[in-house]
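Accompanying notes for the structure given below.
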């Protein structure tokens, strides 16, 4: 038999490692190699095929620790096996594998009694991204407090800031990950949760905020002026009082989430 | 990227996140340098990179990758090379290395150090890819021999002939993993000394030492154990003629406390001393 080109060999090997003996190329690959030790040919290919599954599963387990905790080992590994077959890795960095896992969970909706799984996975991916994000330099609080009201002011949040909204109490669930549980997860998860995540002093902090506050932060993050963001929030949430606004801005100042202030003098 | 002559054994250990809290306290250690896994830092601006930069203030650092895929018939990922270069420029490592293997296809990365036949087809692909990397980085790289669980009959080259040829023709150097060499000798039934003696000393830029797992039907490169006596013997054989080559203790799974790694480093140091004379033990134990 003619020797395979490197390219053809790599195609055959890759298919066999992912699809096992179901792959059409499997017999041809077996013909090209000599198994190591006292392994059989299929067992030798199995060493690599198993390694792929183990590594990708470990990567998913590391990132989606809380999803694993909620599902339990058996269901989590069934899910990851399905995901790995459906979405092979295209990233060079193993730790970046799994970005589509939240959407996959939404699509397959594996457990109707756990409707929050997609959001929980989305939160874990976001948390990982934030962990690897450089902490920005914050605008000093006294600079913010000296701003005058007769100007249009926009805040630009730093890169180490994230906003996260879910219909479910994702943060409450996530905080409990690792604690022993049997059956349903112990947290009261069936209510919305709105979160501000940010880095300060090289640590990640997570603040739960109210609906009106979240709408203001979202609007500011999208580049709206303070005036407009507050106006929209007050219209949508009539109970959003001056005291609430004051508390919100105290929080904004002290979390250090603002990286830049744009001031346009009022005409 | 070459190392300067050293009157002391250049023994290092792998930098692993599990040891960050210990190393954060900046203890005196007996290791002379650290090897960092490239991919752990090239996509991060968070704590891992801060830790690496902190370590770099006190120690020489080598960057060791697992995803270059130098044997890829599809060519190299430009994004990977760009990020690698950025990290190299930032950390200024004294060695940049990866493995003589491929890791999968671009649309299905297997994230493993995969075997390939030692053919002229592969040789040409590898030489082209090394040229791309070394030009991109502006420095020489080292490539490591990997453990394999299959081999390919009727290849024109043995593994050691191929490794040497690639190094000679590309200008890269060899990261000689003595554990991998031993694992392959058992899995593929050859004399490890034949391999060891065939690799020219001047092409060896670094040595790796690690532990394997005996799976009954083959040896598996797990990096989850101490270095075994057979591997220490081979190390002794090679270090006798390569005193200036930096040596690294690798331990990637079931990672022990840092002082246990230092014990392995001291064993390597003792073997070095048995060939090249005693070093100033006090200096060795306090060098940073």
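Okay, here's what the table says:
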{"read-out": "Residue match in the stretch B:73-86 (condition: within 14 Å of chain A (Cβ to nearest Cβ), modelled with pLDDT of 95 or more, under 21 Å from the mean Cα position of the chain (by Cα) and surrounded by 23 or more Cβ atoms within 10 Å (Cβ to Cβ))", "value": "yes"}
{"read-out": "Failed item in (1) surrounded by fewer than 24 Cβ atoms within 10 Å (Cβ to Cβ); (2) within 14 Å of another protein chain (Cβ to nearest Cβ); (3) closer than 23 Å to residue A:33 by Cα, with residue B:164 passing the rest", "value": "(2)"}
{"read-out": "Residue selected from the stretch A:34-47 under the condition surrounded by fewer than 21 Cβ atoms within 10 Å (Cβ to Cβ) and in contact with a strand residue (DSSP E or B) (Cβ under 6 Å, 6 or more places away or on another chain), by the criterion nearest to the other protein chains (Cβ to nearest Cβ)", "value": "A:34"}
{"read-out": "Single condition residue A:223 does not satisfy, out of (1) surrounded by 15 or more Cβ atoms within 10 Å (Cβ to Cβ); (2) on the phi > 0 side of the Ramachandran plot", "value": "(1)"}
{"read-out": "Every residue from the stretch B:115-150 that is within 17 Å of residue B:166 (Cβ to Cβ), facing chain A (nearest Cβ under 7 Å) and part of a strand (DSSP E or B)", "value": "none"}
{"read-out": "Residue check, residue A:87 in contact with a helix residue (DSSP H, G or I) (Cβ under 7 Å, 6 or more places away or on another chain), farther than 29 Å from residue B:183 by Cβ and within 11 Å of chain B (Cβ to nearest Cβ)", "value": "yes"}
{"read-out": "In the stretch B:19-39, the residues that are within 14 Å of another protein chain (Cβ to nearest Cβ) and at pLDDT below 95", "value": "B:20, B:21, B:24"}
{"read-out": "Which numbered condition residue B:110 misses (of (1) outside any loop (DSSP other than H, G, I, E, B); (2) in contact with a helix residue (DSSP H, G or I) (Cβ under 6 Å, 6 or more places away or on another chain); (3) touching a residue at least 24 places away in the same chain (Cβ under 8 Å); (4) buried (at least 19 other Cβ atoms within 10 Å of the Cβ))", "value": "(3)"}
{"read-out": "From B:44, B:67, residue being within 8 Å of chain A (Cβ to nearest Cβ), closer than 25 Å to residue A:134 by Cβ, part of a loop (DSSP other than H, G, I, E, B) and without any contact (Cβ under 8 Å) to a residue 24 or more places away in the chain", "value": "B:44"}
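Results for (1) within 20 Å of residue B:220 (Cα to Cα); (2) buried (at least 22 other Cβ atoms within 10 Å of the Cβ); (3) more than 10 Å from chain B (Cβ to nearest Cβ), shown as yes or no for each residue.
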{"position": "A:3", "(1), (2), (3)": "no, no, no"}
{"position": "A:11", "(1), (2), (3)": "no, no, no"}
{"position": "A:22", "(1), (2), (3)": "no, no, yes"}
{"position": "A:54", "(1), (2), (3)": "yes, no, no"}
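The values are calculated or read from the model by the stated rules, or taken from the named source; none is laboratory data. What you are looking at is a predicted structure, and each value in this text was computed from that prediction instead of being measured. Neighbour counts run over all protein chains shown; Cβ positions are idealised from the backbone, glycine included.
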